[in-house]
1. How many residues are in a loop (DSSP other than H, G, I, E, B) and among the charged types (D, E, K, R) if we restrict to region A:54-103?
2. Take the residues in region A:104-121 that are surrounded by 17 or more Cβ atoms within 10 Å (Cβ to Cβ) and part of a helix (DSSP H, G or I); name whichever of them is nearest to the other protein chains (Cβ to nearest Cβ).
3. Among the helices (runs of 4 or more DSSP H) contained in region B:19-111, which hold 3 or more residues that are open to solvent by less than 20 Å² (accessible area, probe 1.4 Å) and within 16 Å of the ligand (Cβ to nearest atom)?
4. Can you name every one of the strands (runs of 3 or more DSSP E) wholly within region B:330-416 that holds 3 or more residues which are of a type in the set (Lys, Arg) and more than 26 Å from B:Ala309 (Cβ to Cβ)?
5. Considering only region B:322-349, state which residues are touching a helix residue (DSSP H, G or I) at 6+ places or on another chain (Cβ under 7 Å) and within 14 Å of chain A (Cβ to nearest Cβ).
6. Which residues, counting only those in region B:253-284, are assigned to a loop (DSSP other than H, G, I, E, B), out of contact with any strand residue (DSSP E or B) (no Cβ under 8 Å at 6 or more places or on another chain) and under 30 Å from B:Ala48 (Cβ atoms)?
7. Output the residues belonging to region A:29-65 that are open to solvent by less than 10 Å² (accessible area, probe 1.4 Å), touching a helix residue (DSSP H, G or I) at 6+ places or on another chain (Cβ under 6 Å) and without any contact (Cβ under 8 Å) to a residue 60 or more places away in the chain.
8. May I ask you to say which residue of B:Asn165, B:Asn178 is within 12 Å of the ligand (Cβ to nearest atom) and modelled with pLDDT of 95 or more?
Amino acid sequence: MAGNREAQNPVDLDDLYRDVILDHYRSPRNRGARDDASVSAEGFNPSCGDEIQLSVAIINGELSGLGFGGSGCSISQSSASMMTEAMTGRSIESAREMSQHIQQMLTDDEFDLDSVDLGDLEALSGVARFPVRIKCGLLAWKVLDQALANATGESVTDDSDIPTRVTSG
Amino acid sequence: MTTATPLDIAAIREQFPILSREVHGRPLVYLDNAATTQKPQSVIDALAGYYSTMNANIHRGLHTLAEEATTAYEDVRKQVAAFIGAPSHREIVFTRNTTESLNLLAYTLGARLRPGDEIVLTAAEHHSNLVPWQLVTQRTGAVLRFVELNDDQQIDVDTARAAINANTRIVSIVHMSNVLGSIAPVAEIAEMARSVGATMIVDAAQSAPHIPVDVNDLGADYVAFSAHKMLGPTGVGVLWGRRELLADLDPFLGGGEMISVVTREESSWAALPHKFEAGTPNIADVIAFGAALSFLNEVGMDKVAAHDAELTHYAVERLSRLEGLDIYGPADPADRSAVIAFNYRDIHSHDIATILDRSGIAVRAGHHCAQPLMRTLGVPATARASFYLYNERSEVDALVDGLLEAGERFGFERGA
Ligand SMILES: Cc1ncc(COP(=O)(O)O)c(C=O)c1O
């Protein structure tokens, strides 16, 4: 089945390793924990060992800065780096919404790329075509969801196999 | 380039149907044999043949099919005994896999331990020879001790001596590491274990497929391995134990097949090895495992070992010429077999595996179920290429090309 789909629409490594992704992997943005963090969260993929720690400064309901640490493959780390850039300046609500869009883009075949303006984050769309790497791309966003839930005092329900943990900053 | 392999690789490859398939439009290069090996047609036929001609439950029916199936199943037990030099087929217990064999031992032997008793493992254990013993320590108050790696990343007699003492009750070690490829001096360590009265267990999951394993030479009390890593089907493991020791162990799982007389209050146990085979076993896969052992016997384990060593030597030589490539394990290729764990440049092993996969090359990436060993080596993960009797030099060459391509994609010049 996967073979048929691939025959119609061949999957290329260039879909996964877009220039933007490799650039963020080589020169990560916002690397390191933030001293002024309001909340932080961390998560890891037990099957492959990728890990992300995220700290988020929130002022008046707005994400004023994000910092990340951790280690792992290019997809997990560049996804986190791109996320910290793209989420800076957003409201909690809008950050959450974008997180939903990205997670849908990675996991839902029917997702319409033109339905939202993803900016640079669109580069992550190719990850969806590499099923074993989807969890690498998702990790940072799961951790963001946890951090934001902590900020609002809500809990997230997550049926993925990525364990995340929230700590107050 | 001439190859020194003693095997007719082309003839061997022809017997593995999967080796003629393509992956992403390229011929499959299967280098993940430490995870599981491919199966020859004879194994596939034996599996289908059992279901099409003699399917029946064993040891209980009085009809012809049951008799044929029972004979076929028990014949494989004899084959396994002969394969590892066991004095009696009654010493061969079929389990699901190495993991279950080791859990059987941890559960039954562990029940005898007291606080302060010591269980000696090594720094290189697969989780399957670590986690069951951790459970034992929680139940009993026994403690774990570890044989460390020496400077050459090997388990040696000296590092073993440092961990074994008068409190040692159990020594359970990996014979051939699934990460380092190194082979531990089991016979010497077994001697040390015996001298302090400890039980000696060997995890032969990687060694039984690649080198001749004779339980008499190992001097061990128990040996565990898996059929699926040696051309056999999944779902079959072996536990060998000395007869008098197995006889003295309590059962692990209770139920049908493993009993002699059952009353409402209590039961007596079946004779060895059935005492340890509760319920309907994996009849079909055990029978197919027999075909795998026949295949290995026909080729000859000495030749398999020589081939794997030769190919590993070649691979170490080619890989170590790549700039930025680190190989883990013993420096001298003569000290390892069939497994090469490595990291290349600063490219994460998952990226390496994805890129190689696009060229049809299957390798493993990650912690290889040996997280503590990864920590000892100081790396979060590695890539791993592992070979078997059907692999050839051209596949090592493909691996090297694939790595150079991965390097280019991550912005390194195509050196070497
Ligand atoms: C050294 C070693 N021990 C134990 C195991 C566990 O084998 P299984 O998964 O068949 O139980 C493996 C295989 O992954 C192994 O390489």
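1. So in region A:54-103, the residues in a loop (DSSP other than H, G, I, E, B) come out as A:60-61, A:72-73, A:88-90.
If we keep only those that are among the charged types (D, E, K, R) as well, we get A:90.
Total satisfying the criteria: 1.
2. For region A:104-121, the residue satisfying everything is A:Leu106.
3. Where helices (runs of 4 or more DSSP H) fall fully within region B:19-111 and carry at least 3 residues being open to solvent by less than 20 Å² (accessible area, probe 1.4 Å) and within 16 Å of the ligand (Cβ to nearest atom), they are B:98-110.
4. Filter on region B:330-416 gives an empty set.
5. B:Asn343, B:Tyr344, B:Arg345, B:Ile347, B:His348
6. Those that are assigned to a loop (DSSP other than H, G, I, E, B), out of contact with any strand residue (DSSP E or B) (no Cβ under 8 Å at 6 or more places or on another chain) and under 30 Å from B:Ala48 (Cβ atoms): B:Leu253, B:Gly255, B:Gly256, B:Glu257, B:Ala278, B:Gly279, B:Thr280.
7. Passing the criteria: only A:Leu63.
8. B:Asn178
The values are calculated or read from the model by the stated rules, or taken from the named source; none is laboratory data. The shown structure was predicted, so the numbers you read here are calculated from the model rather than taken from an experiment. Glycine also receives a Cβ, built like all others from the backbone with ideal geometry; neighbour counts cover every protein chain displayed. Side chains included, ligands, DNA and RNA excluded: accessible areas come from the protein's heavy atoms. Shrake-Rupley method; radii C 1.70, N 1.55, O 1.52, S 1.80 Å.
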